[in-house]
Amino acid sequence: MIYLDNAATTAPDAEAVKAAMRFLGEEFYNPSALYRGSFEVHRKLEGARRALLSHIADAAKFGLVFTSCGSEADNQAIFSGARRGNFVTTEGEHAAVYRAAEELSRRGVEVRFAKLDRCGRVDTEDLLRLVDGQTSLVSVIHVNNETGAVNDVAAIAAAVKKKSPRALFHSDGVQAFGKIPFRLTADIDFYAVSAHKIGGVRGVGGLFYRKGAPLHPLIFGGGQEGGLRSGTENTFGIFQFEEAAKRKFAALSEDFARASRCRRILEEGLDKDLFAVLSPEDGSPYILSVSARGLRGEVLLHMLDDNGVLVGTGSACSSKNRYSRVILACGADEATADGVLRLSLSKATTEEECREAAAVVTRCARELRERMR
Amino acid sequence: MEKNKVVIVRYCEIHLKGKNRGYFERVFMNNMEKALHGIRHEIRRPSGRYLVENFDESRTDEIVERLRRVFGTHTLSVGYKVPAEMGAIWDAVLAVAPQSGTFKVQSNRADKHFPLHSMQLNAEVGGRLLAERPQLRVDVHAPQNTVNIDIREDGEALVFCDLVKGAGGMPVGTSGKGLLLLSGGIDSPVAGHMIAKRGMTISGLHFHSYPYTNMQAREKVEDLARILARYTGGLELYVVRVTHIQEAIHKHCPEEMMVTLLRRFMMRIAEHQAEACGAQCIITGESLGQVASQTIEGMTSSNAVVRTMPVLRPLVGFDKTEIVARAREIGTFETSILPYEDCCTVFLPKHPLIRPDLRKVELAESHLDIDALLEEAYASLETVSIR
């Protein structure tokens, strides 16, 4: 079995799971309790927070709230930041931002969407044109989860602040964190991440925030996370995330180079007559999005599944929402959008797997074209 | 004072069934037992109705909900069984009677030893209720609520007020067996429900076209079967793969005949499977003129391959809005509209044939190795027991 759907989720880092197991065992305590053992867990939790912060931010200037997932982190940033005026975002956002924007619109905040280029990068000029003195929040995805296109969020944030100093800036960094070399700058107010895209377990996400940025809780209760996110902390998940991130960041540039080689092998192994590449050359090396124009991506996905290759697709085999909103926003026609396959890698993906997968993908697409002819 | 909660179930047409009555009643009883599986209870049958008792009172609503779906149920009431003496009866009346609105008391005295006549009992209880609850008014002609008191011969009395409407129809299992073509759309579950309501045992047959259809679409059909099973007391769902049939039609036959020809294959497979599982008919959710394949010519074309049994189309004269209303009522609508592709839409032609000519259809089909395609489809059969 070759797993090429790592943008959906990665296998949990087994070493990290092992290291965190003590928080399901002898150190199961609630970190908010007052006895020695629980206080120790609390101290370790704060240590994990500092360690995660240090990977991409200056801990003196940024804080980190643990959430249950990347979507929650995005929602918290958006509903904290966009309370008035208008909210400017892009047509290339993950549903966690896009659907939150729709909800904002229902609540009376004007929502503006900036256009994308053919690869899924935001058109910065268009974005800046939409920003004005009434803009309360701008949100730009860091790495597009469907095409892998990378937005230079530091530069975009600086340009936004220059045009409208009062505007806050958020970025969904779920597909970037631990994969793309990056550090938070003073222009970025919020940055959402998720554990399970880099070997963490599902159920943990985080929102980095610039100290001083207005952040409000979505969940009220016992006042955990400095009152910003109530609910007893998922200590096992958080420590496992910290451990997985530590290992991922330590090998970031090495993994980046290997993923780049793997992606090239995949790309070169696919039949050019059958597949058009949608991902940009300089995008994230972990995502290769292609379209088998005229074939249906999901049908191909099932055939690949039967042949031991697991991939993602840009479209769902349903009459509603059949085409990916993001792929269409890149200017693709429906036949292209219908045939999208997303091959996504992790640090565990090997070159040999990519060679084999490319051959299987090509073979299945040829067979399907023959069957549909 | 001892006061046991009971559910009283009255049945529909079973009393019409002369000498078979015992059989119908037994099946009905069994179906009720099945519906209450997992809930502690006892069912007794004192004259002319069923009494469910000795259950956990906190689950009363669930018991009523499950029993009202059992076909054959006319009405149900939740009430109390108490010793046939004034104090206990009054206590139960207070528990079931409304707080306001209009009411009357209706007594029935099978045990003539009870000291008050029915009329006296009505007047006595009604008078006390009026004094106790000043917002109540008596209306003997069209009351909003009727407080019923049944004095039985065994020294006990039943006191109840509200009537809940049951599903009606005949007990499932008393009218043979049918095989329902279950697509995942809105119509077929409704068709199955209607036929099951007349007492027929139902099995389901679903066609999939993996890899052109996905597992979510199949799961949706299983979910629909599960909803139907609440009425029918479980059902067998057969799943058959028609991928290669669709591909063969696509390759060898005129594009516009895809649906017409596929329907004929489905009917052949249905008849084969019906015979195999002991079903005596095929049931479809077709409604005249609803889509291109459901014209009279389309039905003629698919009907022509069924040799040995009737095809029941209970929705044939229904409008879509009527079908949707029924789907909502039986609880299948929300599941039916989930947006997964069913196998009919995969190779859907742009302009399907609306009035297929049987001879031309047969001619087009002659390009296919029908027997081999059918054998392959039969071999793909999977059975899912839905409980």
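The values are calculated or read from the model by the stated rules, or taken from the named source; none is laboratory data. As the structure is a computational prediction, the values presented were derived from the model and not from experiment. Positions of Cβ are backbone-derived with ideal geometry, glycine not excepted, and every protein chain shown enters the neighbour counts.
Listed here are the residues, each with its yes/no results for (1) buried (at least 17 other Cβ atoms within 10 Å of the Cβ); (2) within 30 Å of B:ARG26 (Cα to Cα); (3) under 38 Å from the mean Cα position of the chain (by Cα).
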position: B:PHE71; (1), (2), (3): yes, yes, yes
position: B:LEU76; (1), (2), (3): yes, yes, yes
position: B:ALA84; (1), (2), (3): yes, yes, yes
position: B:ASP91; (1), (2), (3): no, no, yes
position: B:LEU94; (1), (2), (3): no, no, yes
position: B:ASN108; (1), (2), (3): no, yes, yes
position: B:PHE114; (1), (2), (3): yes, no, no
position: B:ALA131; (1), (2), (3): no, no, no
(message) Which pairs turn up if I take residues in the stretch B:210-237 that are within 14 Å of chain A (Cβ to nearest Cβ) and look for partners that are aromatic (Phe, Trp, Tyr) and surrounded by fewer than 19 Cβ atoms within 10 Å (Cβ to Cβ) with beta carbon separation below 9 Å, at least 6 apart in sequence or on another chain?
(response) B:TYR212/B:PHE347
(message) I'd like the full set of residues that are crowded, with 20+ Cβ neighbours inside 10 Å and within 14 Å of another protein chain (Cβ to nearest Cβ), limited to the stretch B:254-272.
(response) B:MET258
(message) Tell me the residue from A:THR350, A:THR336 that is modelled with pLDDT of 95 or more and of a type in the set (Ser, Thr, Tyr), please.
(response) A:THR350
(request) Only residues that are free of Cβ contacts under 8 Å to residues at least 12 places away in the same chain and in a loop (DSSP other than H, G, I, E, B): list them for the stretch A:117-128, please. (result) A:ASP123
(message) Tell me which helices (runs of 4 or more DSSP H) are completely within the stretch A:1-116 and hold 3 or more residues being closer than 26 Å to A:PHE236 by Cα, or say none if there are none.
(response) A:14-20, A:36-56, A:70-81
(message) Given the criteria in contact with a Phe, Trp or Tyr (Cβ under 7 Å, 6 or more places away or on another chain) and outside the structural domain of A:GLU353 (by TED's automatic domain parsing), does A:LEU45 qualify?
(response) no
(request) Of all residues in the stretch A:350-373, count the ones that are touching a strand residue (DSSP E or B) at 6+ places or on another chain (Cβ under 7 Å) and crowded, with 21+ Cβ neighbours inside 10 Å. (result) 2
(message) Would you confirm, using the coordinates I've provided, whether B:VAL159 is part of a helix (DSSP H, G or I) and either touching a Ser or Thr at 6+ places or on another chain (Cβ under 6 Å) or away from chain A (no Cβ under 14 Å) (or both)?
(response) no
(message) For the stretch B:195-209, give me each residue that is more than 14 Å from chain A (Cβ to nearest Cβ) and touching a helix residue (DSSP H, G or I) at 6+ places or on another chain (Cβ under 8 Å).
(response) B:ALA196, B:LYS197, B:THR201, B:ILE202, B:SER203, B:GLY204, B:LEU205, B:HIS206, B:PHE207
(request) Identify all residues within the stretch B:314-334 that are surrounded by fewer than 19 Cβ atoms within 10 Å (Cβ to Cβ) and of a type in the set (D, E, K, R); write none if there are none. (result) B:ASP319, B:LYS320, B:GLU322, B:ARG328, B:GLU329, B:GLU334
(message) Being farther than 20 Å from B:GLY278 by Cβ and of a type in the set (S, T, N, Q) is the filter here; which residues of the stretch B:181-221 pass it?
(response) B:SER183, B:SER188, B:SER209, B:THR213, B:ASN214, B:GLN216
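What do you reckon, is A:ASP333 of a type outside the set (A, V, I, L, M), in contact (Cβ under 8 Å) with a residue 60 or more places away in the chain, surrounded by fewer than 16 Cβ atoms within 10 Å (Cβ to Cβ) and more than 13 Å from chain B (Cβ to nearest Cβ)?
Spelling it out, it is not the case that A:ASP333 is of a type outside the set (A, V, I, L, M), in contact (Cβ under 8 Å) with a residue 60 or more places away in the chain, surrounded by fewer than 16 Cβ atoms within 10 Å (Cβ to Cβ) and more than 13 Å from chain B (Cβ to nearest Cβ).
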(request) Report yes if some residue within the stretch B:276-294 is within 21 Å of B:ALA372 (Cβ to Cβ) and either of a type in the set (Ser, Thr, Tyr) or crowded, with 21+ Cβ neighbours inside 10 Å (or both); otherwise report no. (result) no
(message) If I ask for residues that are free of Cβ contacts under 8 Å to residues at least 24 places away in the same chain and farther than 30 Å from B:ALA123 by Cβ, which ones from the stretch B:44-93 would you list?
(response) B:ARG44, B:ARG45, B:ASP56, B:SER58, B:ARG59, B:ASP61, B:GLU62, B:GLU65
(request) Scan (1) in contact (Cβ under 8 Å) with a residue 24 or more places away in the chain; (2) of a type in the set (Ser, Thr, Tyr); (3) surrounded by fewer than 20 Cβ atoms within 10 Å (Cβ to Cβ) for the single condition A:SER194 breaks and write down its number. (result) (3)
(message) I'd like to check something: does the stretch A:317-328 contain any residue that is away from every other protein chain (no Cβ under 14 Å), assigned to a helix (DSSP H, G or I) and without any contact (Cβ under 8 Å) to a residue 60 or more places away in the chain?
(response) yes
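Can you find even one residue in the stretch A:271-288 that is within 14 Å of chain B (Cβ to nearest Cβ), surrounded by 23 or more Cβ atoms within 10 Å (Cβ to Cβ) and among the aliphatic types (A, V, I, L, M)?
No: zero hits.
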